[in-house]
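Colleague: One structure, as structure tokens, below. Some questions next.
The values are calculated or read from the model by the stated rules, or taken from the named source; none is laboratory data. These numbers were taken from a predicted model, which means no experiment stands behind them. Cβ placement follows ideal geometry from the backbone for every residue including glycine, while neighbour counts extend to all protein chains displayed.
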Amino acid sequence: MVRFRLPHFSTSIYGLLLWRLLLSLAVLLLSRMIFGCMNADLLHMADSGAVWRAFGGGLRFDLAALVYLNAPMLLMHLLPFRFVEGRAWQRATAWVYFVPNLLALAANLADVIYFRFTLNRTTMAVFSEFAHDNGWRFLHFPLDYPLPTLLFFVIAGVWAMLYGLFVLRPAGYACRRRMLVNSGVLVVACGLSFGAVRGGYGDLRPLAPHNAALYCDEPQQQALVLNTPFTLLRTMGKTGMKPLTFFPEQEAQRYFSAVRRPTTDGQWSGRFKGRNVVVIIWESMAKEWVGGLNRGIAGYPSYTPFVDSLLAHSYVFTQAYACGTQSVDAMPALFCSITRPGQPFVTSPYAGNGVTSLPEILRQAGYHTAFFHNAENGSMGFDAFAHKVRFHDYYGQNEYGNSRDADPGGWGIWDEPFLQFVDRRLNSFRQPFFATEFTISSHHPFHVPAQYRGRLPQGPLPIQQCVAYTDLSLRRFFETARRMPWYRNTLFVITADHAVTGVRPEYRNLVGRFSIPFILYDPRGELKGEDATTMQQADFLPTLLDLLGLQREVVSFGHNVFSPSSPHFAVSSAGEMYQMVQGNFVLHFDGVRATGFYDKSRDPGLKHNLVAQQPAQLQEMVRTLKAYLQEFTHRMTENRLRLSDRRSPTR
């Protein structure tokens with residue numbers, strides 16, 4: 001029997017692969033150190049602990065970038081053929097290794113400088129932003145900023161020397177044995193790579209730029225956690241927003257400005273000063289499901305008997321609209337007053353932008369802030385976004401601690417027991433507090449606990465029984481809350497993350513697709529009524545600040561809904577088309593011209609397009625929407641979503 005002596009590991013194909021990966025990882029780490037040192041004055045790291053936390057979190061993003069950059073090289077090493085150890089193949093492997101890795105090094109070092117203008121890591125949006133600029137001007141960068149250029153050549157030279165430190169010694173395996181060994185190593189490598197690009201094996205979604213918020217306290221510090229090759233690769237194919245310009249800036253500001261100055265002309269201004277606030281974000285809760293909001297439809301079945309009973313004692317907005325169509329759209333809209341003309345904010349190239357944050361404002365006012373979500377920690381990236389917007393605490397399935405209360409085939413803990421957990425946690429908070437619970441049980445796969453099957457209102461869609469289950473869970477939540485000492489000092493807000501397409505013809509259109517409940521419940525009975533003012537989720541931030549008497553100037557794409565001097569409308573998007581609802585009128589706009597204009601009070605199905613008639617209201621709404629989109633796209637692409645952020649000097 002012929003035996004082959006294994007070569008020394010450091011000179012085997014596997015040892016060389018490991019060595020080359022370690023070199024690449026070391027360069028990513030070194031790039032972060034250079035970035036941190038040269039931008040220390042902008043990062044505002046509180047202490048060495050904050051730096052260690054940022055670098056520890058950054059390792060996750062470095063490992064993900066390592067796999068993205070070196071996957072082809074890894075495969076070339078592990079092909080089960082003898083020619084892999086040949087000189088020509090190894091020379092080709094070196095090219096496949098150095099080209100992407102040196103480009104990554106160049107991108108990281110370029111961002112050492114560019115960060116000072118944007119306070120963000122570069123994403124693919126930069127190519128859209130400068131698509132019409134003269135590309136030759138960027139060739140001046142190495143001359144204008146010689147230090148990063150010098151560092152690039154020094155690091156590249158040392159890297160090349162270390163790369164050639166070990167010389168491959170052919171193993172001489174028989175073909176069959178080579179096939180078995182390399183196949184086994186390849187399987188292990190694939191498993192490790194899968195974990196690296198997802199940031200671990202416990203997360204439900206791949207690692208994304210917004211996850212960096214978990215490791216820092218201020219928005220600009222996310223850049224220290226991230227690395228530029230990662231942000232470029234993760235935003236590839238995600239089209240950067242094109243800044244829209246319809247008017248000279250001064251004229252546009254007359255039609256719409258996102259700088260929201262305090263208004264105190266509302267009848268409830270400051271009336272809830274010092275009160276607690278509890279927000280229930282109800283998963284997939286369309287206005288269509290609430291019987292009490294559809295009293296005009298004869299024989300309409302209700303799936304929400306508890307909420308129906310609450311309406312008579314609440315302040316109800318009957319014309320409320322979601323800003324997006326996905327769960328990830330709700331938190332930016334409600335807490336940052338960011339609408340969604342285009343792709344979701346949290347998955348866009350602009351997710352690292354600084355934002356106006358309601359939880360942060362309330363923290364500064366002395367509130368304790370907490371975010372609850374029944375799902376597995378990491379689901380939808382809500383834990384990272386909650387940290388980004390400065391909630392004190394996040395409570396998910398891990399914090400709940402009893403997996404026996406989870407839906408076996410669902411997203412996490414059933415709504416009923418988790419809402420009881422929320423009650424208990426709220427009872428431990430100091431007052432005043434601001435807390436949000438994001439329910440999950442009315443999400444696909446639309447299960448209800450076994451003890452309630454067949455006992456809840458059902459309809460033609462499986463989600464309707466789940467809505468009824470969450471309604472029951474809310475009834476139990478309020479029954480428990482009423483016994484708590486903080487209950488009468490609390491303003492409750494019940495709304496949805498987004499609507500879903502239902503069954504009624506009244507809702508099977510683009511207006512119905514965004515129609516949601518928005519209910520304010522005051523146990524003291526001071527705030528009651530029904531309001532047909534057009535309201536969108538982005539209005540919540542300025543409206544709540546007004547109710548709490550926390551008047552301050554903020555960037556907001558919504559308005560104080562109680563202010564009679566403010567305009568009231570809702571903006572959303574469907575594909576490449578924008579929708580604006582203002583009162584009874586609905587405008588559809590494709591970015592160039594109005595494609596639809598409807599009076600939904602007379603035409604609820606949006607069947608009769610009035611564009612050809614050119615009514616005066618159409619011209620006014622087009623002008624407002626154009627100014628709105630101009631303000632939104634410029635502020636988003638220039639990272640000016642909060643008043644403290646500077647305008648980029650590149651403009």
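Colleague: Hey, can you tell me all the residues within the range 578-595 that are crowded, with 18+ Cβ neighbours inside 10 Å and closer than 18 Å to Y321 by Cβ?
Modeller: Scanning the range 578-595 gives Y578, Q579, M580, V581, Q582, F585, V586, L587, H588, F589.
Colleague: Go through the range 11-45 residue by residue and tally those that are assigned to a helix (DSSP H, G or I) and either under 24 Å from L207 (Cα atoms) or without any contact (Cβ under 8 Å) to a residue 60 or more places away in the chain (or both).
Modeller: 22
Colleague: Could you list, in sequence order, the residues of the range 326-382 that are hydrophobic (A, V, I, L, M, F, W, C) and part of a strand (DSSP E or B)?
Modeller: V355, A370, F371, F372, A375
Colleague: If you take the residues of the range 596-630 that are charged (D, E, K, R) and farther than 17 Å from H568 by Cα, which of them is surrounded by the most Cβ atoms within 10 Å (Cβ to Cβ)?
Modeller: D603
Colleague: Next question. If you check F98 against the conditions, is it among the hydrophobic types (A, V, I, L, M, F, W, C), at pLDDT 90 or above, part of a helix (DSSP H, G or I) and surrounded by fewer than 20 Cβ atoms within 10 Å (Cβ to Cβ)?
Modeller: Spelling it out, F98 is indeed among the hydrophobic types (A, V, I, L, M, F, W, C), at pLDDT 90 or above, part of a helix (DSSP H, G or I) and surrounded by fewer than 20 Cβ atoms within 10 Å (Cβ to Cβ).
Colleague: In the range 359-415, what count of residues is obtained for those that are in contact with a strand residue (DSSP E or B) (Cβ under 6 Å, 6 or more places away or on another chain), within 18 Å of L334 (Cα to Cα) and β-branched (V, I, T)?
Modeller: Total satisfying the criteria: 1.
Colleague: Wholly within the range 222-284, which helices (runs of 4 or more DSSP H) include no fewer than the required count, namely at least 3 residues that are surrounded by 22 or more Cβ atoms within 10 Å (Cβ to Cβ) and in contact with a helix residue (DSSP H, G or I) (Cβ under 7 Å, 6 or more places away or on another chain)?
Modeller: Here the list reads 222-225, 228-234.
Conditions (1) closer than 18 Å to L69 by Cβ; (2) modelled with pLDDT under 75, marked per residue:
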residue: L147; (1), (2): no, no
residue: F152; (1), (2): yes, no
residue: A160; (1), (2): yes, no
residue: C175; (1), (2): no, yes
residue: V181; (1), (2): no, yes
residue: G191; (1), (2): no, no
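Colleague: Of the conditions (1) closer than 25 Å to V581 by Cα; (2) surrounded by fewer than 20 Cβ atoms within 10 Å (Cβ to Cβ), I519 satisfies every one except a single condition; which number is it?
Modeller: The single condition I519 does not satisfy is (2).
Colleague: Those residues that are assigned to a loop (DSSP other than H, G, I, E, B) and under 28 Å from W486 (Cα atoms), I need them from the range 499-535; list them, please.
Modeller: Answer for the range 499-535, where residues must be assigned to a loop (DSSP other than H, G, I, E, B) and under 28 Å from W486 (Cα atoms): D522, P523, R524, G525, E526, L527, K528.
Colleague: When you scan the range 31-43, do you find a residue that is surrounded by fewer than 21 Cβ atoms within 10 Å (Cβ to Cβ) and basic (K, R), even just one?
Modeller: No, the conditions are met nowhere in the range 31-43.
Colleague: Next up: Can you tell me which residue within the range 46-69, out of those that are part of a helix (DSSP H, G or I) and modelled with pLDDT under 90, is farthest from C190 (Cα to Cα)?
Modeller: S48
Colleague: Select from the range 75-88 the residues that are within 30 Å of T231 (Cβ to Cβ) and either of a type outside the set (A, V, I, L, M) or touching a Leu at 6+ places or on another chain (Cβ under 7 Å) (or both) and write down the one among them that is surrounded by the fewest Cβ atoms within 10 Å (Cβ to Cβ). Give the derivation first.
Modeller: First pass over the range 75-88, keeping only residues within 30 Å of T231 (Cβ to Cβ): 75-78.
Those left that are additionally either of a type outside the set (A, V, I, L, M) or touching a Leu at 6+ places or on another chain (Cβ under 7 Å) (or both): 77-78.
Values: H77: 26, L78: 21.
Looking at residues that are within 30 Å of T231 (Cβ to Cβ) and either of a type outside the set (A, V, I, L, M) or touching a Leu at 6+ places or on another chain (Cβ under 7 Å) (or both), I get L78.
Colleague: R635 - would you say it is of a type outside the set (A, V, I, L, M) and under 30 Å from T123 (Cβ atoms)?
Modeller: Criteria met by R635.
Colleague: Same structure, new question: State yes or no: is Y315 in contact (Cβ under 8 Å) with a residue 40 or more places away in the chain, under 32 Å from the mean Cα position of the chain (by Cα) and buried (at least 23 other Cβ atoms within 10 Å of the Cβ)? First the steps, then the outcome.
Modeller: Numbers: in contact (Cβ under 8 Å) with a residue 40 or more places away in the chain: yes; under 32 Å from the mean Cα position of the chain (by Cα): yes; buried (at least 23 other Cβ atoms within 10 Å of the Cβ): no.
No, not satisfied.
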